[in-house]
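Heads up, the thing below is written out as C-alpha cells.
Every number in this text was worked out from the coordinates using simple rules, so none of it is lab data. Note that this is a predicted model, so its numbers are computed, not measured. Every residue, glycine as well, gets a Cβ built from its backbone with ideal geometry; the counts of neighbours run over all protein chains shown.
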Amino acid sequence: MGVNQADIMKETTVLQAPKKNRTVQKWLKDNMFSSWLNTFFTIALTILLFFLFKVILSWVLFSADWTVVSVHLKLLLAGQYPNAELWRVFLCIFLLSLLTGFSSGIWNGTMTQLGLFFAGLLALCLALPFVSVEAKIWNAASLLVLVCGYFGGKKLPLKKTVLFSWLMLFPVTIFLLSGFGILPKVGTNLWGGFLLTLLLAVVAIVASFPLGVLLALGRRSRLPAIKYFCVCYIEFIRGIPLITILYVAQLMVPLFLGQGIELNNAVRAMIGMTLFSAAYLAENVRGGLQSIPSGQYEASHALGFSTPLMTFFIILPQALRAVIPAMVGQFIAIFKDTTLVTIVGIIDILGMAQNVAKNPTFLGKEMELFLFVAAVFFVFCSMLSYVSRRLERSLGVGER
Amino acid sequence: MNNTAPFWRSRRFKPVLLQLLFVVIAGICLFYFINNALTGLKRLGLPLDFGFLQSTASFDISGDKLIDYSATDPYSRAILVGLFNTLRVAVLGIMFATILGVILGIARLSNNWLVRNTSKVFVEIFRNTPLLVQMIIWFSAVFLMLPLIENSYVFAGTVFFSNRGIAIPWFQTTSATWIWLVCVATAILLAITVWKWRLKLQTETGKRKYPSLWAVGVTAAAMIVPLLLTSAGPFHVTMPEVNPNGRSFAGGFVISPSFASVLIALVMYTSAFIAEIVRAGIMGVSKGQLEAAQALGLKSSTTLRLVVFPQAFRIIIPPLTSQYLNLTKNSSLAVAVGYPEIVHVGNTILNQSGRAIQMITIMIICYLTVSLLTSLFMNIFNKYTQLAER
C-alpha cells in the first residue's frame, strides 16, 4: 500500500457523479414519452386501461353479487367436512401458524415473508364480516401464536425442535383430519373444497419427492436395466396429459389392485398426481445432479465412500439445494393442476364452485364464484413464485 | 493374491445381480397387476380387444367437426373427429400463443414504464391461476352469458355475439381461388429471388439498392396477373346472419362457445409462459454483443434484428418446445367445457361401451404420438438454429 489514500484525494479533483434530476416531469419524459412511438403507446394504453378498469371496477363494486361467495364460503374452503368437527381443521391451521411463527423468527428472510403473508391471510379472515364467530376465534388465536412464535423463535434455541415438528406436521394433520378411530372418523369422501386442493397438492409433492429422487438417480445409473426403465417411465409420463393419468388412476387402478383393496376417489387421485409429479420432479433433480462437478464424485471415492453413502451424503445434499427453486416451481404447477380432479368427479374448490353454480337460488353467478376460486389460487401461487424467486437469489442458483 | 471378497460383491457380478433383482421385482409387480386386471375384466365380462371400434357410435358430436360425422358412423370415426379437433385447437393455440407471447415478452423489456408493467401484470395474472379455472370462466361466465341468438350483440354489423357462438365473416373459395394461390406462390418465390439479388448487389457495390422495396414492388406487380386472368378477387366473403327461425346462423363462420373458450384460455395461459421465455432469451444475449453492435454503428432496430434475435432464438427454442408440448397436452382440459376433442370423445365412448382400458390406451397413444412428433420437429428446428461450434 504505502501511499495514503487521503493524500491522493487531496491532490486530484474528484468529479462528483452528475446529480440526477428526479422530478416528476423528467421521470414521465424518460419513462413514458421518450420517443414518438412511446408516446403513442402510452396514450393508447392509458385509454384502453381506463375503460378496462372502469368496466371491471363498476362490475366488481356495483353489479357483482358477492353473497354467493360469502354464503358458501365454508363449502368452498372446507367442503362437506362436518360442522361439528370443523375445530380439527382450525387446530391444523393453529399448529401451522405456530410453526410458521417460530420458523419466521428463527430463519430470517424468506421465512419471515411467508410468516407475514400467513398473518395477512389470518387478519383478512378476521376482517371479513361474514366469517363465522367460531372461525374468527380460532383465527385470532392462530394469529396470536404466530406473533408470539415469531418473538419466541428469535429468543429461544428451538431450531431442531421446529424442524422435527415440521416433519411431524403432515402426519399429525392427516391424523386430525381423518380421525383414525380415536377421534370420530371423517372419511376422505367428506373432504372437499380448498382443504382437499391443498391436501392433494401437498400429498402429491411430498410423496413424489422420494420417488422423483430415485427416478433421477436411476436415470443416471450405469446399469442399463434400471436406466432404461427410468427413462421410459419419465418420458412416458411427460408425454401424456395429466387428465389421462387421472383416468388411469380412477378407472384402472382398482382393476390392477384386484378385489379386496378398496381405495376411494380422493386417494386414487392422490396416487395419480404423485405418479405424474414424480416424473417432472425427477427431471428437476436430474438437472441438479448434472450440476455437481465430477471432482465431488472422485473426491468421495478417494475417501472410500461406497456408492450409496456418496449419493446420500455428498451428491444429493448439493444437488437438491441447487434445485429448490425449481421444485417450488414444480409445487406451483402441481397446485394449479389439482383443479383437474374436478373432471373425474372429485369435489375440490373448483368442483364445489361448479356445484354451487348449479344452485337455482344463485343462477348466473358463475363469474363471481369462479373469480373467487381464481383469486384464491392467484394469491397462493403468486406468493409461492415470489418465494421461488427469492430462494433463487439467496441460494445463488441463477448466477452459476 | 487370494480374492477374499464373496462373488456377489465382485465388480463383475454386482451390477448384473442388481439388475436381475430389479427386473425380477418389476416383473413380479407387473405380473400381479396384469393378472388382477385380467381376472377383474373377466369377472365384469369385458373382453380386451379393439373390435368394438367398428360398432356404431350412436352419439352425435354437435358443432365442431372437421370431417363428416353422424351418429351412425363407427366409434373409430368419432375418435378421428376428436383427434382432428385436438390438433386444430393445438395448432391454432400454438400460433396465437407464440404471437401474443413474443409481443408480451418484448413489452416486458420496453423502456416505457406503462407498457412494461401492463405486460408484467398480464403475465402474473394468467400464469398464477389454473388453466382449468380460466377455461371455465371463459366458457360459463363469458361465452354462455352472451345474449340469446335472436337478440345477438352485433358488432359493426358483421360480427354476431350470442350464447350459441360467435359468427364472423368468412372466406368462401371460388373457382378463381386456385389461380390466385398459384400466382401468389410464384410471386413470393420471385420476390425472394429479387430480394436476394438486390441484397447481393448492395453488399457488392456498397450503395443502397432497396432490396425490401424491390421485393414488395415485384409482389404487387405479380398480383396484377391473376386479377387480369380471373377478373375476380381471390375469394368470396360471406356475411353471417341469423336464420329466420332464430335458431342458428347462416353464412359466415360460427365459432362455438366451447372452442372459443378453450382457444382463448390456452392462448392466454401459454402466452404468459412464452413471454417469460422470450424475455429470458433476450436478456440472455450477452451485453458485449449489444455494445459491439452499437460500436459498429448499427441502429437499434438493426441491432435487434441482426444481433439480438438470432442469438436469443437459440436460448428460446428448447423451453418454447416444452411450452408447445404443454399446450397440446393442456388442450385435453377442453373435456371440462364440452369441446369434442380426443379426451371428450374418448370419455363418451368409455362411458357408453365400458372399454376403459382400450379407450385410455388410445388416448395415451394419440398424445404420445403428437408429443413425440412435436418434439422431433422442434429438435430438427433447434439443430438448424444452434450455433455450429467446433
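Averaged over peptide A:336-342, the number of partner chain Cβ atoms lying within 10 Å of each residue's Cβ comes to 6.
Each stretch of four or more DSSP H residues adds -39500 (n - 2.57); spread over every residue of chain B, this sum gives -21000 deg cm²/dmol at 222 nm. Using C-alpha pairs under 8 Å with a sequence gap of at least 6, the mean separation divided by the residue count of chain A gives a relative contact order of 18 percent. Extension gain, residue B:99 to residue B:25: 0.36 nm times the residue separation minus the Cα-Cα distance gives 21.7 nm.
The slack between residue A:127 and residue A:107, meaning 0.36 nm per residue of separation minus the straight C-alpha distance, is 4.3 nm. For the range B:286-344, applying the loop criterion from DSSP together with a ceiling of 14 other beta carbons within 10 Å to the trypsin sites (Lys or Arg not before Pro) yields B:299. Among the DSSP helices (H) of chain A, those spanning at least 27 angstrom by Cα along their long axis with an average Kyte-Doolittle hydropathy of 1.6 or more are A:36-58, A:86-106, A:193-219; this is a geometric and hydropathy rule only. The charge dipole of the protein assembly as shown, taken about the Cα centre with unit charges on the Cβ atoms of Lys, Arg (+1) and Asp, Glu (-1), comes to about 2360 debye, rounded to the nearest 20. Computed over chain A, the per-residue total of -39500 (n - 2.57) for DSSP H runs of n ≥ 4 gives a 222 nm mean residue ellipticity of -23000 deg cm²/dmol, rounded to 500.
A Förster distance of 45 Å, applied to the separation of the beta-carbon atoms of residue B:357 and residue A:16, puts the FRET efficiency at 0.05. Net charge in the neighbourhood of residue A:219 (other residues with Cβ under 15 Å of its Cβ; Lys, Arg +1, Asp, Glu -1) is +3. In this simple spin-label model, placing a label point 7 Å from the Cα along the Cα-to-Cβ direction at both residue A:62 and residue B:200 gives a separation of 6.8 nm. Other residues within the sphere of radius under 11 Å centred on the Cβ of residue A:195, judged by their own Cβ, net out at +1 (K and R +1, D and E -1).
Of all beta bridges that DSSP places with both ends in the protein assembly as shown, some 90 percent have antiparallel geometry.
Cross-link pairs exceeding 30 Å between alpha carbons, from the set A:26/B:120; A:227/B:329; B:200/B:299; A:54/B:299; A:185/A:365: A:54/B:299; A:185/A:365. Taking 21 Å as the straight-line reach from the Cα of residue A:358, the lysines in range (excluding those fewer than 8 positions away in the same chain) are A:74.
Rounded, prolate or oblate: which one fits the range A:191-399, using the alpha carbon gyration tensor with axes a ≥ b ≥ c (rounded when a/c is under 1.5, else prolate when a/b beats b/c, else oblate)? In terms of gyration-tensor shape, oblate. In percent, rounded to a whole number, the relative contact order of the range B:173-238 is 50, using alpha-carbon pairs under 8 Å and six or more apart. For the protein assembly as shown, rounded, prolate or oblate, judged on the Cα gyration tensor with a ≥ b ≥ c (square roots of eigenvalues), a/c < 1.5 rounded, else prolate if a/b > b/c? Rounded is the answer for the protein assembly as shown, as its axis ratio a/c remains below 1.5. Around the Cα centre of the range A:82-185, unit charges on the Cβ atoms of Lys, Arg, Asp and Glu (plus for the first two, minus for the last two) sum to a dipole of about 300 debye.
Of the residues B:62, B:258, B:332, the one that moves most in a GNM of chain B with alpha-carbon contacts below 10 Å is B:62. With the simple model of a label 7 Å out from the Cα in the direction of the Cβ, residue A:140 to residue B:380 spans 6.9 nm. Couplings for the range B:213-225, taken from phi via the Karplus curve 6.51 cos²θ - 1.76 cosθ + 1.60 with θ = phi - 60°, read 4, 4, 4, 5, x, 5, 4, 4, 5, 5, 5, 5, 4 Hz in order; Gly and Pro are left as x. Compute the Cα gyration tensor for the range A:82-185, then decide on rounded, prolate or oblate, letting a ≥ b ≥ c be the square roots of its eigenvalues: rounded whenever a/c is under 1.5, prolate when a/b is larger than b/c in the other cases, and oblate in all that remain. Verdict is oblate for the range A:82-185. GNM on chain A, alpha-carbon springs under 10 angstrom: the most fluctuating residue among A:28, A:73, A:275 is A:28. In a fully extended conformation the segment linking residue A:28 and residue A:47 would gain 5.2 nm over its present Cα-Cα distance, using 0.36 nm per residue.
Between B:331, B:162, B:301, the residue with the greatest mean-square fluctuation in the GNM of chain B (Cα pairs under 10 Å linked by springs) is B:301. Of the residues A:169, A:198, A:211, the one whose Cα sits farthest toward the positive end of the charge dipole of the range A:135-228, with +1 on the Cβ of Lys and Arg and -1 on the Cβ of Asp and Glu, is A:211. Backbone amide hydrogens, once placed in the peptide plane, bring residue B:170 within less than 5 Å of B:238, B:252, B:253, excluding anything fewer than 5 places away on its chain.
Net charge of the neighbourhood of residue A:257, taken over other residues with C-beta under 15 Å away and scored Lys/Arg +1, Asp/Glu -1, is +1. Note: relative contact order over the range A:82-185, using C-alpha pairs below 8 Å and six or more positions apart, is 38 percent.
Model label sites at residue B:35 and residue B:213, defined 7 Å from Cα along the beta-carbon direction, differ in position by 8.3 nm.
A Förster distance of 56 Å, applied to the separation of the beta-carbon atoms of residue A:37 and residue B:182, puts the FRET efficiency at 0.90.
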